[in-house]
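Chemist: Let me begin by handing over the structure; questions about it come next.
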Amino acid sequence: GVYDPANYNFNLNMWSTTNAEDVLSSLKRIKKINLSNTSKEILEYILLSFSYPPEGMSKEKFVQLKINWLIDNERSDLIEAFLKQNEEFDGKKKLVQYLVDQNIAQANIKKGCDKIKFIDKTVKDSYLEKFKIYCLVFDNKNSQAQLLLDLLREQKKSDKFFDEKIDYLLGITEKTPSKINEKSLLNFYLSSITIKDFNYTPTKKTKKEIWKYLNAANLIKLDDVTD
């Protein structure tokens with residue numbers, strides 16, 4: 001049949017007869033190999049199918065293995081599919097934040113906001129909700145943004161920094177703190193668009209996502225962004 005990377009509705013038990021150490025050792029070796037596209041698809045199909053974990057590995061650790069594979073290989077499309085098919089799992093926040101950060105790092109917020117709309121409404125996460133609120137502000141849907149922000153505040157899932165930035169962008173307040181927040185890429189992005197004469201000097205401790213955003217937004221010039 002035709003291989004569909006978004007379709008993992010299979011209950012395979014092949015992993016249950018495989019030793020956990022053998023699986024981890026194999027994946028470690030595979031990382032050093034330049035696989036063909038077909039080989040990658042087959043590996044992802046096997047790895048991401050709904051299956052029992054290898055012998056000697058917990059379900060939680062097996063999920064983490066899948067999550068790390070998706071992130072390491074920058075498979076945003078499969079991450080979206082994984083989020084839609086799995087409502088609750090350990091590491092969900094990590095996947096959501098990666099997906100949001102990938103969109104922000106491209107410095108194309110319109111594209112990111114359009115893409116994020118396709119995530120199923122059952123996927124709930126404060127980081128994703130914050131990005132959705134900013135997207136509403138970006139699209140000049142201020143009343144909707146204010147409503148979602150009020151709900152987020154009631155659920156105690158917002159924070160002082162985000163509240164201050166959205167209030168400033170909505171025109172509720174006239175000033176906003178000039179301190180740059182690097183706690184997350186979303187916070188850094190909000191800092192960059194709300195601070196007058198924004199100036200930031202990256203260091204060796206600067207997160208990879210921030211480097212990508214700085215380069216994409218022409219806030220810094222890099223000869224090789226992959227370095």
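The values are calculated or read from the model by the stated rules, or taken from the named source; none is laboratory data. These figures come from a predicted structure and were not determined experimentally. As a convention, Cβ positions derive from the backbone with ideal geometry for all residues, glycine included, and neighbour counts pool all protein chains shown. The protein model used for the area step is the full one, side chains on, heavy atoms only, and it has no ligands, DNA or RNA in it. Shrake-Rupley method; radii C 1.70, N 1.55, O 1.52, S 1.80 Å.
Chemist: Considering only protein heavy atoms, what per residue accessible area in square angstrom results for the chain with a 1.4 angstrom probe? Each step should come with its number before you reach the end.
Modeler: Working: 13800 Å² over 227 residues.
I get 61 Å² per residue for this part.
Chemist: For a quick check of understanding: with a 1.4 angstrom probe and all protein chains in place, what accessible area in square angstrom does TYR127 have, to the nearest ten?
Modeler: For TYR127, the solvent-accessible surface is approximately 20 Å².
Chemist: Are there any trypsin sites (Lys or Arg not before Pro) in region 57-118 that are in a DSSP loop and have at most 11 other Cβ atoms within 10 Å? List them by number. All intermediate terms of the calculation are to be shown ahead of the outcome.
Modeler: Numbers: sites: LYS59, LYS61, LYS66, ARG75, LYS84, LYS92, LYS93, LYS94, LYS110, LYS111, LYS115, LYS117; in loops: ARG75, LYS117.
For trypsin sites (Lys or Arg not before Pro) across region 57-118 that sit outside H, G, I, E and B with at most 11 neighbouring Cβ atoms in 10 Å, the list reads LYS117.
Chemist: On to the next question. Evaluate the Debye formula for the chain with equal point scatterers sitting on the alpha carbons, no solvent, and hand back log10 of I(q)/I(0) at q = 0.10, 0.14, 0.16, 0.18 Å⁻¹, in q order, two decimals.
Modeler: -0.56, -0.98, -1.17, -1.34
Chemist: Computed FRET efficiency, Cβ-Cβ of ASN142 and ILE33, R0 45 Å: what is it to the nearest 0.05? List each step's numbers first, then the result.
Modeler: Working: r = 51 Å, r/R0 = 1.13.
My answer for the efficiency is 0.35.
Chemist: If the cut-off is 20 Å between C-alpha atoms, which aspartates and glutamates fall inside it for LYS205, apart from same-chain ones fewer than 8 positions away?
Modeler: ASP72, ASP101, GLU182, ASP223, ASP224, ASP227
Chemist: Next up: Counting only protein heavy atoms, what percent of the accessible surface of region 18-120 is carbon or sulfur at a 1.4 Å probe? If you can, show how the numbers build up before the last one.
Modeler: On the way: 2770 of 5670 Å².
Of the solvent-accessible surface of region 18-120, carbon and sulfur hold 49 percent.
Chemist: Another question about this same structure. What distance in nm separates the two pseudo spin-label positions at LYS205 and LYS160, each 7 Å out from Cα along the beta-carbon direction?
Modeler: Inter-label distance under the simple model: 2.1 nm.
Chemist: Once fully extended, how much extra length lies between ILE220 and LYS117, figured as 0.36 nm per residue of separation less the alpha-carbon to alpha-carbon distance?
Modeler: Values: separation 103, 0.36 × 103 = 37.08 nm, distance 2.97 nm.
Going from the current span to full extension adds 34.1 nm.
Chemist: Could you compute the FRET efficiency for GLU60 and ARG153, with r as their C-beta to C-beta distance and R0 at 25 Å, rounded to 0.05?
Modeler: The computed FRET efficiency comes out at 0.20.
Chemist: Moving on. For the chain, what is the calculated [θ] at 222 nm in deg cm²/dmol (nearest 500), taking -39500 (n - 2.57) for each run of four or more DSSP H residues and dividing by its residue count? Don't skip to the end; give the middle numbers.
Modeler: Numbers: 11 runs with 124 residues, N = 227.
Result for the chain, helices only: -16500 deg cm²/dmol.
Chemist: Within region 23-46, which residues have the backbone N less than 19 Å from the label spot 7 Å out from TYR52 along Cα→beta-carbon, could you tell me?
Modeler: 23-24, 46
Chemist: Moving on. Express in whole angstrom the spacing between the alpha-carbon centres of region 164-204 and region 29-91.
Modeler: 35 Å
Chemist: Let me ask something additional. Relative contact order of region 99-225: what whole-number percent is it, with Cα pairs under 8 angstrom and at least 6 residues apart?
Modeler: Working: 97 pairs, mean separation 35.8, N = 127.
Value for region 99-225: 28 percent.
Chemist: Which whole-Hz couplings ³J(HN,Hα) result when phi for each residue of region 81-96 is put into the Karplus expression 6.51 cos²θ - 1.76 cosθ + 1.60, θ = phi - 60°, listed in order with x for Gly and Pro?
Modeler: Those phi angles translate into 5, 5, 5, 5, 8, 10, 6, 10, 6, 5, x, 4, 4, 5, 5, 4 Hz.
Chemist: Among the aspartates and glutamates, which fall within straight-line cross-link reach of LYS61, defined as a Cα-Cα distance under 14 Å, with same-chain neighbours fewer than 8 residues apart omitted?
Modeler: Within the straight-line cut-off, LYS61 pairs with GLU21, ASP90.
Chemist: Still on this structure, I have one more. Tell me the relative contact order for region 56-155 as a rounded percent, counting alpha carbon contacts under 8 Å between residues six or more apart.
Modeler: Details: 59 pairs, mean separation 22.4, N = 100.
Averaging sequence separation for qualifying contacts and normalising by length gives 22 percent for region 56-155.
Chemist: Additional query: Mind checking the angle between helix 59-72 and the chain's longest principal axis? C-alpha axes, 0 to 90 degrees, to the nearest 10.
Modeler: The answer is roughly 60 degrees.
Chemist: Compute the relative contact order of the chain as a whole-number percentage, counting only Cα pairs closer than 8 Å that sit 6 or more residues apart in sequence. Working shown, then result.
Modeler: On the way: 186 pairs, mean separation 34.8, N = 227.
Relative contact order for the chain comes out at 15 percent.
Chemist: Let me ask something additional. So which aspartates and glutamates can LYS165 reach, going by Cα to Cα under 13 Å and dropping same-chain residues fewer than 8 places off?
Modeler: Straight-line reach from LYS165, under 13 Å: GLU174.
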